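Novice: One structure coming up, written as structure tokens, with questions to follow.
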Amino acid sequence: MTQQEMYSLIDRSQVASLGYTDENGRQNIRMVFSTFHKGIGVHLISTNTSSSHVQSLLKNENACLYFSDPSTFEALCLSGRAVIHFDREYKEMLWHPQDVQYYPGGVEDEDYCVVEFIAESGRFYSGSSENYKGDITGQEIEAMTAGRTFTDHRVEA
């Protein structure tokens, strides 16, 4: 899978699977909207502060983020850490007027936060690529993320 194929997979994915470990040491996965990306290495997710995944990530930041497209048999699993942001800067960046249905208090709603996923390594596969599977090192992720800014890939209704 080429770097461009990885960008394309991430960009067209409206959801991703967020993996984390809960307080009891069990692995869990949650589907999340992941539409803000900074290259391959950094992804932003708006979510509820009260959710079990946020509460678990506050105690153990180890996580993974999995993007896939079954129609093209492509997937990218990134391993790294999750940082929870409560500051207005991040919340405003991801805020959309329709979010008021989930967060009636707006950007300052106490149940609204942003998960910043920071990739440290990865693994990919692609059924249509010559280089169909392989690992991505932290150095490669840093190089693919350097100099990029966050982009919003939301599909407007």
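Novice: Using a 1.4 angstrom probe and counting only protein chains, how large is the accessible area of ASP111 in Å², to 10?
Specialist: That residue has around 40 Å² of solvent-accessible surface.
Novice: Using only protein heavy atoms and a 1.4 Å probe, report how much of TYR90 is accessible, in Å² to the nearest 10.
Specialist: Accessible area of TYR90: about 40 Å².
Novice: Sticking to Cα atoms, compute the Rg of segment 62-157 to one decimal and its Dmax as the biggest Cα-Cα distance, whole number, in Å.
Specialist: Expressed in Å, the Cα Rg and Dmax of segment 62-157 come to 16.5, 49.
Novice: With a cut-off of at most 11 other beta carbons within 10 Å, and DSSP calling the residue loop, which GluC sites (Glu not before Pro) in segment 5-61 qualify? Please list them.
Specialist: On the way: sites: GLU5, GLU23, GLU61; in loops: GLU23, GLU61.
Sparse-neighbourhood loop GluC sites (Glu not before Pro): GLU23.
Novice: On the protein heavy atoms, probe 1.4 angstrom, tell me the percent of accessible surface of the chain carried by carbon and sulfur.
Specialist: Working: 4220 of 8360 Å².
Of the solvent-accessible surface of the chain, carbon and sulfur hold 50 percent.
Novice: Give the cross-link partners of LYS59 among the aspartates and glutamates, using a straight C-alpha distance below 16 Å as the criterion and excluding same-chain residues fewer than 8 apart.
Specialist: Excluding near neighbours in sequence, the set is ASP22, GLU23, GLU116.
Novice: Another question about this same structure. What are the lysines whose alpha-carbon lies under 28 Å from the alpha-carbon of LYS133, with same-chain residues fewer than 8 places away excluded?
Specialist: Output for LYS133: LYS38.
Novice: Let me ask something else about it. Report the residue, chosen from ALA146, ALA16, ALA82, that carries the largest GNM mean-square fluctuation when the chain is represented by alpha-carbon nodes joined by springs under 10 Å.
Specialist: Of ALA146, ALA16, ALA82, the Gaussian network model singles out ALA146 as fluctuating most.
Novice: From the backbone phi of segment 76-90, what are the Karplus-calculated ³J(HN,Hα) couplings (6.51 cos²θ - 1.76 cosθ + 1.60, θ = phi - 60°) in whole Hz, Gly and Pro given as x?
Specialist: Those phi angles translate into 9, 10, 10, 10, x, 9, 10, 10, 9, 10, 10, 6, 4, 3, 5 Hz.
Novice: Can I ask one more? In square angstrom, rounded to the nearest 10, how much accessible surface does ASP135 have for a 1.4 Å probe?
Specialist: 110
The values are calculated or read from the model by the stated rules, or taken from the named source; none is laboratory data. Being a predicted model, the structure only gives us computed values, none of them experimental. Neighbour counts run over all protein chains shown; Cβ positions are idealised from the backbone, glycine included. All accessible areas refer to the heavy atoms of the entire protein, side chains included, with ligands and DNA or RNA removed. Shrake-Rupley method; radii C 1.70, N 1.55, O 1.52, S 1.80 Å.
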